[in-house]
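The values are calculated or read from the model by the stated rules, or taken from the named source; none is laboratory data. Fair warning: this is a prediction, and the values are worked out from it, not measured in the lab. Here the Cβ positions follow ideal geometry from the backbone for every residue, glycine too, while neighbour counts run over all protein chains shown.
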Amino acid sequence: MATVPASAYLTLAAFLFVIGAAGVLIKRNPIVIFMCIELMLNAVNLTFLTFAFHQPDFQVQVAGHVFVLFVIGVAAAEVAIGLGIIVAIFRLRETIDIDSVNLLRE
Amino acid sequence: MAERLFFFLCALIAISTAVGVVASRNPVRSALLLIANFLCLAMLYFTLTAPFIGIIQVIIYAGAIMVLFLFVIMLLNLGSPEAQQQERELRRPIAWLLALGLFVILVSQVFLVVGAAPNPQPEAGSARAIGYAMFTQWSFPLLIVAVLLTVGVIGSILLARRRSM
């Protein structure tokens, strides 16, 4: 396993994060925007595990894994709330195009 | 050598599926590509001696969360061709420019930081070690996440409930 350097993992994570960020800016469908946010969260999880793999201290390594679990928990809560909001907006407006949902702007 | 080959194969599939998630016009196709991406990341987690996180990734992300996504796509009938929206044409070059800048910044930091030698300790990724740390050292954050998830479930039920007149 030691043959793959940490920089390769971190570059992959950076690329996935950037693709997710670009998707959040580009897409108009809020469900796909949520998918891009999941992409970004997973990229961060990959950096957590990469740094944990390169830690000398056992306790710190375990802490990295625990934080990944917390990120997954927060992502699950966020998706549940976000999709609930999307369903509620669809009932109200019959569309979920985020450029036409500007209730708070008016 | 085999590890390198496996990493680059997984990285290639992960990158191409991530680009596909953003490039695809069809939300169902985006969701399926995202599942493939999560499975590739789970493989990479296994190579980082994190088998428990890899299994959790497959069960929770590729299983539960993506089923929720597909359910909502099906519920709102977004898979039909007339419901597929165009991308924002005007903001696209600006978005890719910002993304490129962010990537350059992140990667420059990556090559500054890395000097640490890998230190594989397979015990650290086991369910036993993670569970012990979570219920002793990190018990308070665990409680907060538990409360957050409970509030999230109740809140989503309240939000999606049909108002009865």
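Quick notes on this structure:
- Any hit, the stretch B:40-62, residues being at pLDDT 90 or above, among the small types (Gly, Ala, Ser) and closer than 30 Å to residue A:84 by Cα: yes
- Of all residues assigned to the stretch A:88-106, none qualifies as being acidic (Asp, Glu) and at pLDDT 85 or above.
- When A:58, A:53, A:70, A:34 are checked against the criterion of being hydrophobic (A, V, I, L, M, F, W, C) and under 21 Å from residue B:24 (Cα atoms), A:34 stands alone in meeting it.
- All conditions but one from (1) at pLDDT below 85; (2) farther than 22 Å from residue A:53 by Cβ; (3) not charged (D, E, K, R) apply to residue B:72; the one that does not is (1).
- Subset of the stretch B:1-47 (residues that are under 29 Å from residue B:122 (Cα atoms) and touching a Gly at 6+ places or on another chain (Cβ under 6 Å)): B:42, B:45, B:46
- Summed over the stretch A:53-73, the residues that are at the interface with another protein chain (Cβ under 7 Å from one of its Cβ atoms) and charged (D, E, K, R) give a count of 0.
- Scanning the stretch B:119-165 for residues that are of a type in the set (S, T, N, Q) and in contact (Cβ under 8 Å) with a residue 60 or more places away in the chain turns up B:121, B:126.
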